[in-house]
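Where a number appears in this text, it was derived from the coordinates with a stated rule and is not lab data. Everything numeric in this text was worked out from a predicted model, so none of it was measured. Ideal geometry is used to build each Cβ from the backbone, glycine not excepted, and the neighbour counts take in all protein chains shown.
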Amino acid sequence: MAPKVEIYTWRTCPFCIRAKALLKRKGVEFTEYAIDGDEAARAKMSDRANGGRSLPQIFINDQHIGGCDDMHELDAIGNLDPLLAA
């Protein structure tokens, strides 16, 4: 079964672009919520992310992963692929 990957972004955010590039390299399909300037959407994201307001915010199977650096760190220590395989 494919993982449910969701990412909240701003279209021009370099960290958002990096995070999406990693997911694409891994061949992972994801749902992107581009929330540029949408404060209501950002508030919803922040609720899901336990108060996190920076972008991107990434969720795998409804589990909050964090931002771009968090996802790259998970990948570096070998913990991202198991989450994406679940």
May I have the convex hull volume per residue, in Å³, for the Cα set of region 8-50? 73 Å³
Once phi is turned into ³J(HN,Hα) by the Karplus curve 6.51 cos²θ - 1.76 cosθ + 1.60 with θ = phi - 60°, what whole-Hz value does each residue of region 46-59 show in order, with x for glycine and proline? 4, 4, 5, 9, 6, x, x, 10, 6, 10, x, 10, 10, 10
For R48 and K26, calculate 0.36 nm times their separation in residues minus their Cα-Cα distance, and state this gained length in nm to one decimal. 5.5 nm
Return the unpartnered cysteines for the chain, using a Cβ-Cβ cut-off of under 4.7 Å. C68
If R0 = 30 Å, then T12 and A85, at their Cβ-Cβ distance, give a FRET efficiency to the nearest 0.05 of 0.45
Where both partners of a DSSP beta bridge lie in the chain, what percent of those bridges are antiparallel, to the nearest 5? 65 percent
Hull shadow area, averaged, the chain [alpha-carbon convex hull, nm²]: 5.1 nm²
Compute the FRET efficiency between A76 and Y33 as 1/(1 + (r/R0)^6), taking r as their Cβ-Cβ distance and R0 = 30 Å, and round to the nearest 0.05. 0.70
